[in-house]
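Beneath this line is the structure, given in C-alpha cells, with notes to follow.
The values are calculated or read from the model by the stated rules, or taken from the named source; none is laboratory data. It should be emphasised that the depicted structure is a prediction, and the values quoted were computed from it without experimental measurement. Note that each Cβ is placed from the backbone with ideal geometry, even for glycine, and that neighbours are counted across all protein chains shown.
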Amino acid sequence: MAQRPEPGRVYSFSERAFEDCYRDTFGTVWSIARRAARDDGEADDVAQKAYLALYRYWSRGELREPPTHLLYRVAKRGAIDLLRARRRAIGLFTKLPRPAPVDDISGPLGRALRRLRPEDAALVLMQAAGGFSYEELAAIDGKSVGSIRSRLFRARRELAQRYDEEGGER
Amino acid sequence: MTDRDEQLAGRLGTPLPSERAAAERNWHALSAAIAAPRRGRIGAVRGILTTVALAAVVLVVLGWWQGARIDVAGDRLPVLYREEVARTSITAAGIDASLAIQQKHIENDDRLRVVGVTDVRLGADRLPATIELRFQAAGADAYGVLAHSGVSDPRRATGTTRTLYEAPFPPLAAREQATYRVWLHVDTASGPIDSPVLVIAVTEGPEGQRASDRTICCPP
C-alpha cells in the first residue's frame, strides 16, 4: 500500500491527485483519528490538520516522500496528542460515572487502547486501520523494521491484557 | 503473540459507521480552508499594488507642487528633496548677481552634495572685478572662500561679462551637521558690494549632504 520513497524525487501536485489521495486514504485516517478521539469533532481536527499539512507541502512542491507517508505520519502524531490529552483527562475524572460502553470506541477495547502508551496505541491503530506491513510502517515512521515489529508485538500483547482488565469478552 | 491478540488488535481496524458522513464533512471543510488562503493572497497583492500606486501619486504630486525632485542617491533608496534650498541676489547699477544654495548631484560623486550656484553679470564700468563666494562656519573667526574668479574683459557683443559657477560645500563626517553664513562678494572697479547673508545648515545623511535654510529663524 505505502510507496517506497525515492531520494530526490519531487511528487508532482494536482488538485485531482489530492482528491484521489483523499478518497483512497480517508477511511484509514478517520479510523485512526476517531478511535483516538473523544468525539467526531476532535477526529475532524486531526484529519483536517493531516490533509492540510499534506496539501501545503505537496502544492508547494516541497514533498520529498510519497504523499501517504506524510499524511499518515501527521495523522498518527495527531492521534498521539489526543491520546495523551485523554490520559490526562482520565486521571482527573477517573471517579466520575462513565457512560455505558456501546462499541469498540468507548467499550472495553477502546478503554484498553487508551491505557497503552500513546505512541504504541497509535502504532496499533495505524496497523489495524491501514493494514500496513511492518516494512510499510517502518517507511512511514522512518524507523527500522525490527523496532516496529517488537513495538507492535508488545503493544498487541498489552492491549489484550488491558482488554481483559477492562472486562472484555474472553 | 497469540491469534487472540492479533484478532483483538484487528478489531480496531474495522470501518466505522461514521466514515462516509465524516468524509463529506471534512472534504467540505478542507475545500473551504484551501480556498481561503488563495483569496487572502489575492487580497494582499491587491492591497500592496494599491498602496504602491497611491504612494507614487503622492510623490509625483508633492514633486510637482513643491518643485521637489525624486532621485536615487548613493545607490540607495529613492530620496525626495527640493533642489533649491535658499536664494539671494544683488541688484545694483552694472551688477546683476544671484546666489542659490542647492542640494544636487555633482560630477564624480554619487551622493547628494550641497553647492552654492552663482550667476554674476557685470557691466563694463564695473570691470575689472573679482567675485568670491564666501562662507563662515558658526563660531569661526574667519571666513573661507568656496570659489574665486577675476574678470576684466567684457564681451564685445554685449559689453558685459557673465560668470557662472557652482561650488560644493566642504565634506562632513557621517551624521555631522554644520551651520554656515554664506554670501556673495563682488569687488568691482567702483567699490565692493556684498549680497545679503544666507544661513544654512548642512547635514551629512546616508544619501549625502542635505541642507536647510536657517536665514530667518536662527542665524549662527
query: Any idea which residue in segment A:140-168 is nearest to A:THR68 (Cα to Cα), counting only those that are more than 10 Å from every other protein chain (Cβ to nearest Cβ) and outside any helix (DSSP H, G or I)?
result: A:GLY142
- prompt: With respect to B:ARG121, is the statement that it is of a type in the set (Lys, Arg), surrounded by fewer than 15 Cβ atoms within 10 Å (Cβ to Cβ) and within 17 Å of B:ASP96 (Cβ to Cβ) true?
  reply: no
message: With the requirement that a residue be in contact (Cβ under 8 Å) with a residue 40 or more places away in the chain, buried (at least 21 other Cβ atoms within 10 Å of the Cβ) and more than 19 Å from A:ARG16 (Cβ to Cβ), what does segment A:30-68 give you?
response: A:SER31, A:ILE32, A:ALA33, A:ARG34, A:ARG35, A:ALA36, A:ALA37
message: Taking the condition of being among the hydroxyl-bearing types (Ser, Thr, Tyr) and more than 10 Å from chain B (Cβ to nearest Cβ), how many residues in segment A:36-72 meet it?
response: 3
message: Here is a list: B:ALA36, B:ALA29, B:ALA44. Which entry is in a helix (DSSP H, G or I) and at pLDDT 85 or above?
response: B:ALA29
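Tell me which strands (runs of 3 or more DSSP E) are completely within segment B:116-204 and hold 2 or more residues being touching a residue at least 40 places away in the same chain (Cβ under 8 Å) and within 30 Å of the chain's Cα centre (by Cα), or say none if there are none.
Ranges flagged: B:129-137, B:160-168, B:177-188.
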statement: In segment B:1-19, anything part of a helix (DSSP H, G or I) and either at the interface with chain A (Cβ under 7 Å from one of its Cβ atoms) or surrounded by 13 or more Cβ atoms within 10 Å (Cβ to Cβ) (or both) is listed as B:ARG4, B:ASP5, B:GLU6, B:LEU8, B:ALA9, B:GLY10, B:ARG11, B:GLU19
task: Considering every residue within segment A:77-88, establish whether at least one is within 23 Å of A:ASP164 (Cβ to Cβ), among the hydrophobic types (A, V, I, L, M, F, W, C), surrounded by 19 or more Cβ atoms within 10 Å (Cβ to Cβ) and modelled with pLDDT of 85 or more.
output: yes
message: So, in segment A:119-131, how many residues would count as being closer than 19 Å to B:THR2 by Cα and either more than 9 Å from every other protein chain (Cβ to nearest Cβ) or buried (at least 21 other Cβ atoms within 10 Å of the Cβ) (or both)?
response: 7
message: Checking B:ALA211 against (1) at pLDDT 90 or above; (2) under 22 Å from B:ASN108 (Cβ atoms), only one condition comes out false. Which one?
response: (1)
